[in-house]
Structures are given as C-alpha cells and as structure tokens.
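What follows is a single structure, written as structure tokens, with notes after it.
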Amino acid sequence: MAILNQKGGVGKTTLTLGLASAAASAGRRVLVVDLDPQASTTWVLGLESSELDGTVADVLDGSAKIASVVRTSTWSDLIEVVPAAAGLQAQEQGSAKRLRKGLGKIATEYEAVLVDCPPSLGNLTRSALTASRFALIVVEPSALGLRGIGGVADLVDDVWDATNPDLELGGVILNRVPAVSREAERRIAELARIVGRESIWEPAIPQRVILNQAIGERSSIHSYGSRAGDILPAFDLLWRQTRAMVHHR
C-alpha cells in the first residue's frame, strides 16, 4: 500500500514506521519501500544509503532486481527495507510500472508492503500507486495540512484509470491530532466533507513528543513500552485495520 500526501511534514514516515513497528510487535513480516529521495525512513530503520550497494533507484532504472536490494532493518528481522538514496530524484522521469513489476515477484512473502512516498505527486508517487492495491492518505488537521488533499485524491483516480484498475483509496489517517482543539475539529469536519467521513480511519494518531524522540533515536516506537502511552494502542489498531483490509480484499 502507498502512504502518501503531496505536502511534506504531515507524517507519512511516522505512519509508515508506526505500522511497521506494530506489525513486528505482532510477529508479522513486512516490507518497507522508501520512495522519498531524502531517505528518512531508510535512515530511521538503521540503514545508511551511502553505504549500500543497491537501492530502489537501481530497481526503477532497471539496473537491479528488487530482491537484490532488500535489506533487513536494525529494528527487527521481521522488518525488511527497500532503501532510498539521493539519486532517486532522477527517477521522476522513469517508468511508473517498474516498481509494480518488481514488487509483484516478492510481495507474497510479506504480510504487507508499505510504500513511503515523497511529498509530491510526481512520477515516484505515481509509481507507488501503480504498484499498490491501496492508497492511505496521511493528513494533519490544520489549514495547511488539508491544502491539496483534493489533488491527492485526483491522482489516485487518475492512476486507477490509467495504470492500475485494482487501486483503491484504503482510507485517510489523521496524524498529530491535539487532545483539545476547536481548529482541529473544524479541519476534521472539512476533511470529512471532502473525502467522506467513512474514509477517515480511527483512531487518529495523537500529537506526542515521544514520536519525534523515537525518530531522532532511530528506534521503534514499540521499544519505548509504557513511555509511549496511548501511541502504541493507536498504531496497533491501525495495523490490525490495515491487515484486515489487505486480507479481506
């Protein structure tokens, strides 16, 4: 599944990492594909792009098979990674179907494949959607967080029509939701009018400092135990919903 939004900083990487952490905690094997040239997900999962022989860029330009670039994260043997690198930006003009072809050969080895998209609606995000069965849109409930959400939904429709008739909008997940905020409540109501309330998943991911700490320390959120408070139940439930959606369809 592709995890996306054209706006940066809304929490695509946070959600990708949280779902991977919850999957491993539940004993499930997942593959994380990092399609962001900043390679933040790759780094947090314990890999250094500059030290790797192959990355997803080599898959997209046709010079490597995807199985040859899969690496095991430092978090868990259950979390494997197709790493990103700075050179990935050059693939904005490449074929949107190469990732689909590559993942098609290995996807059944995993409980789920999570594709972390760049903050854009270019060819890399199109490649992710072309390769995915579901799209998960991450939104922060703020005025800037909702800007462009219609464009994201339009891209999902366009990819469905042009290159992937199996693609569905799996849902919209709210991130960085404050405990009490009338502004956030207004923005969530606005989002519901745009995508439909039934498309907004629950629970939302609450705004917590521990998430930033985990990313900075390159650690799984589940490794913090009770210090992560209500974050862990949120990610665990979102993972169960993700897994149920994948297996139901």
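The values are calculated or read from the model by the stated rules, or taken from the named source; none is laboratory data. Just so it is clear, the structure is predicted and the values come from calculations on it, not from any experiment. Please note: Cβ atoms are built from the backbone with ideal geometry, for glycine as well, and neighbour counts cover all protein chains shown. Note: accessible area is taken over every heavy atom of the protein model, side chains too, but ligands, DNA and RNA are not part of it. Shrake-Rupley method; radii C 1.70, N 1.55, O 1.52, S 1.80 Å.
Laid out as a table, the results:
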quantity	calculated
Top-ranked residue in region 209-237 [being over 19 Å from the mean Cα position of the chain (by Cα) and in a loop (DSSP other than H, G, I, E, B); ranked as modelled with the highest pLDDT]	Glu217
One residue from Ala57, Ala90, Ala67 being within 18 Å of the chain's Cα centre (by Cα) and either at pLDDT 90 or above or open to solvent by 60 Å² or more (accessible area, probe 1.4 Å) (or both)	Ala57
Flag for Arg240 being of a type in the set (Lys, Arg), within 18 Å of the chain's Cα centre (by Cα), surrounded by fewer than 14 Cβ atoms within 10 Å (Cβ to Cβ) and assigned to a helix (DSSP H, G or I)	yes
Output for region 205-228, where each listed residue is touching a residue at least 60 places away in the same chain (Cβ under 8 Å) and farther than 19 Å from Trp43 by Cβ	Ile205
From the options Val172, Val159, residue that is β-branched (Val, Ile, Thr), buried (at least 20 other Cβ atoms within 10 Å of the Cβ), farther than 26 Å from Arg240 by Cα and within 18 Å of the chain's Cα centre (by Cα)	Val159
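Condition check ((1) without any contact (Cβ under 8 Å) to a residue 60 or more places away in the chain; (2) touching a Ser or Thr at 6+ places or on another chain (Cβ under 7 Å); (3) of a type in the set (S, T, N, Q)) across all residues:
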residue: Gly62; (1), (2), (3): yes, no, no
residue: Trp75; (1), (2), (3): no, yes, no
residue: Ala84; (1), (2), (3): yes, yes, no
residue: Lys97; (1), (2), (3): no, yes, no
residue: Arg100; (1), (2), (3): no, yes, no
